[in-house]
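Comments concern the structure below.
Where a number appears in this text, it was derived from the coordinates with a stated rule and is not lab data. What you see is a predicted model; the values in this text were computed from it and never measured. Counting neighbours? That spans all protein chains shown, and the Cβs are built from the backbone with ideal geometry, glycine included.
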Amino acid sequence: MDRKSVIKWIKEPGKMGHKYSLWAVYFCTGCGIIEIPPVITSRWDAERFGVIPVATPRQANLFMITGYVSLKTLKAIIRTYEQMPEPKYTVAFGSCPINGGMYWDSYNTIKHIDKYIPIDGWIAGCMPRPEAIFIAVTKLWMMIDKGAATGYIRYRKNYKFYRRNQEKLFGELAWPPLYPIDEKEDESE
Amino acid sequence: MKVVEFVFSPFLAFIIGVFFLGLFRKIVARIHQRYGPPIIQPLLDVIKLFHQKGFSHGVLFDLGLILSLAGSIVVILFLPFAGICPLKSSGGLLVILYMMLFLPLGIALSGGEGANPNISIGISRKLILSLGYEVPFLLIIISVMNFYKTISIVDIVNSQGGFRWALFSPLFFSGIAYFMILPAMLGIRPFDIVSAPQEISSGPQVEYGGKYLGLSHIQHAFSIFITIALFVNLFLGGGENIFFFFLKMLVVFVSMVLIHSVFPRLRLEQALRYLWRWPTIFAFLGVIVSQIMR
Amino acid sequence: MRVNKELKKRIEKIYKNTQVEFPEANRMVIKTKQKNLLPILEFLKSEGFRQLKAISCVDWIEEKEFELVYQVASLNSPLHIMVKVRIGREDAQMETIMKIFGNAQVYEREIHELFGVKFRGNPDLSPLFLENWQSIPPFRKDFDTREYVKDVFDKIPNVESENEKS
C-alpha cells in the first residue's frame, strides 16, 4: 500500500486520490446488505482503507451491488448509477449478479448484470465474508493503478448498446438518454 | 510584510482546520475501539474531490458556495492568531458577529437553485439553530465588551496577558455559557441536526458532487477554525506565539470531540429549549456579575 | 367446542350447498358456492370474526378450476375459519369483498397479477412487482419458468461481443 509515498502524490494526485478515498453509496440490494454493516463498524473496520458510506449518489465513488437484482431494483440501480459523478467504479458481490446464482430460473431476477451496467470487479461467494470484501478493495486499487478499472469509460463509449438492452427489458424508459446517441460525447444531464 | 500576513493567515487556518477534521475522525475511531483512517485523510478526500466531474445546477448554485467561502476567508482576516492580524484596526467584534452569518446564507442561496427539498429542510434547520445560539452568544459578547470597554479583539487579548484569563475573572459565567453553546456553533452532536445523513440525506450537501463538495469541505474546516479561535481569543487569553495558541485550541477541540462521541442527537425543539434556558441564564448572570464587580 | 358445533349447525341450516368440517382442533373449513360467499362472510363478521387474514388461490389444473380460500379470524376466539370457493379456470371472475373487509383490495390485486383472476368492483388491479409482463400469469401451473428465462433473459446480447462485431 503506497499511501505514504509523497512522490507519487505529487506526480499523479488524481489517481492516488481515487484509490485511497473510495466513498460508497449505501444502496441495499438483495441479501448482501447484511454483510455491509459488519464491514463498516468496529470489528472489520473499513474506514482505515478510506471507504465510508455516504447518503447520496452525488457524493459517491463506488457502487456495490450486493446480491440478486430484481427488475424493479434494476430500474433504481440504473438511475442511481447515472447520477454519480465520474470516475466511478462498481463491484458486484455474490454469485447472483455473476450468472443468476440461486435464482437462475426465476422469472423476475436479472441473470447477468453485466449486460445493463458495467462492472469492474466480481467477488464470488454467497455472501462473501468481510475479509473477501477487503481483498476486493485492494485488488481494485491495483486495477486503478494500471488503468484497468474502466467501467465508466465503457459505459460512455457503448451507451447505445447498454440502452438498447435496458429497453428490451423494460419497454419505454421514463428517463432520457444520458449521453446523446450516435453523436460525439457530450453530457446532456 | 502586510501582504505576507494576508496570504499566510487563511493558509494557516486551512492547515489547522484540515488537521482538526482528521483528528476528529481518528479520536472517534479510537473511542469505538478500532483503528481509524490516517490523520491526513480529509486532505486526501479533498484532493480526490477536486478530480471529479461534478454537476452544476446553474449560475447561482456556484455563486452561493463561493459567497459562503469568501465570507469565511474574510472573517479569518479579522481574527488575531497569536500576533498575526491583518485587519486589526477596523471593526473587530462587531464585524465578526455580522459576517459569521454569511456561511449559512451563502449555502441557502445555492441550495435554492438545486432542486431538492432536502436542501431546504437542512438549511432551515441550520438557520433556526443559529437563532437558538445567537441569543446567549450576543449576551456573552455584550458582557465581554462591557468589561474590557473595547470592541477590538487585539486589545482584549493584550489585557489578558500572563495568566489573567477572562475565564478566571468576573466573566466566569460568560465563559461557562460559551463553552455550553460551542457544540451548537460547530455542528457536532448533540446538535448535528443540520447535516444528518440518515434523516435528510446530509442536508445542504445533498446535491454537491466533485469540486463543489471539495469547496464545502474546505469551508467546513474554516468554520471549525473560526469558532474555536474566537473562544480561545476571548476567554483563554490568546497566545504569545503560535505554539501556545495551537495548544489551547487543541485542548478545547479534544473536549468537544469527547462530548460528540457520547451524546445522541437532539431534535430541533429540544435543542432550542436547551439553548434558550441554561446558557442564557448563565450569560445573564455573567452580564450582571461583570457589571457589578468591574 | 360446543360453541363451534353450534356455529356449524347454524351455518348449515341457513345456507344451502355448504359443508362445514373440523379437520383439526380450532380449524374450521367451509366449502360453499360462489353465490353464497358474500352472505357467509357478512354472517361471520357479525358473529365476531372481523379480521381477514389472507386470500389465497390454488390452481387445480386437472379439474380445470381455481379455488379461492378466504381466511378469517377473531381476536376473541382461537378458531381459524377458511372459506373455500371454486371458480372456473377459463375467464375466471369473482366479486370483490371490499365492502365487508377493506383490506381485501391488496390481496385481490396480488391474485389478479399472479393468477389472472378478475375481481369486479376492485378499483385498482395494476401489477405490484412485475414489469413489462407479456406472458401468462406466472403462478399458473402451465407456466414454464425455464422456457421464459431462455426466451427473455438469455436472448439479450452481451455488450462487448456486439461491440467487437461492429
What percentage of all Cα-Cα pairs in chain B are separated by more than 33 Å?
22
Over segment B:97-224, what lengths in whole Å, largest first, do the semi-axes of the equivalent ellipsoid take, defined as the square roots of 5 times the eigenvalues of the alpha-carbon gyration tensor?
34, 15, 13
From DSSP H assignment alone, runs of 4+ in chain C each adding -39500 (n - 2.57), the sum over residues rounded to the nearest 500 puts [θ] at 222 nm at -9000 deg cm²/dmol
Using the alpha-carbon centroid of each, what span in Å lies between segment C:69-133 and segment A:114-140?
42
Gain on full stretching of the segment that runs from residue C:133 to residue C:2 - 0.36 nm per residue minus C-alpha separation
42.1 nm
For segment C:8-166, divide the Cα radius of gyration by the Kirkwood radius and give the resulting Rg/Rh value with two decimals.
1.13
Do any of C:13/C:141; A:75/C:141; C:84/C:118; A:8/A:139; A:168/C:150 go past 25 Å between their Cα atoms, and which?
C:13/C:141; A:75/C:141
Which distance in Å, rounded to a whole number, links the C-alpha centroids of segment C:1-52 and segment A:1-54?
62
At 222 nm, what value in deg cm²/dmol follows for chain A if DSSP H runs of at least 4 each add -39500 (n - 2.57) and the sum is divided by all its residues, to the nearest 500?
-11000 deg cm²/dmol
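Quick check on the protein assembly as shown: what are the equivalent-ellipsoid semi-axes from the Cα gyration tensor, as sqrt(5λ), descending, whole Å?
Here the semi-axes work out to 62, 35, 21 Å.
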For B:72, B:169, C:135, ascending order of other Cβ atoms within 10 Å (fewest first) is C:135, B:169, B:72
Over all distinct Cα pairs, what is the inverse of the mean 1/r for segment B:1-80, reported as the Kirkwood hydrodynamic radius in Å?
15.2
Can you grab the distance from the C-alpha centre of segment B:39-72 to the C-alpha centre of segment B:91-118, Å, no decimals?
15
Using a 10 angstrom Cβ neighbour count of at most 13 plus a DSSP loop assignment to flag exposed trypsin sites (Lys or Arg not before Pro), which longest range of chain A is free of such sites?
A:44-183
How many lysine pairs does segment B:2-292 hold where the Cα atoms are under 27 Å apart and the two sit 8 or more places apart or on different chains?
12
Per residue, what volume in Å³ does the Cα convex hull of chain A take up?
122
With r as the distance between the Cβ atoms of residue B:60 and residue B:251 and R0 = 51 Å, compute the FRET efficiency 1/(1 + (r/R0)^6) and round to 0.05.
0.80
Highest GNM mean-square fluctuation, chain C, Cα pairs closer than 10 Å: which of C:131, C:21, C:12?
C:131
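Is there a quick way to get the dipole size of the protein assembly as shown? I mean about its Cα centre, with the Cβ of Lys and Arg at +1 and of Asp and Glu at -1; what is the value in debye to the nearest 20?
Details: 74 positive and 58 negative charges, 314 e Å.
Computed charge dipole of the protein assembly as shown: roughly 1500 debye.
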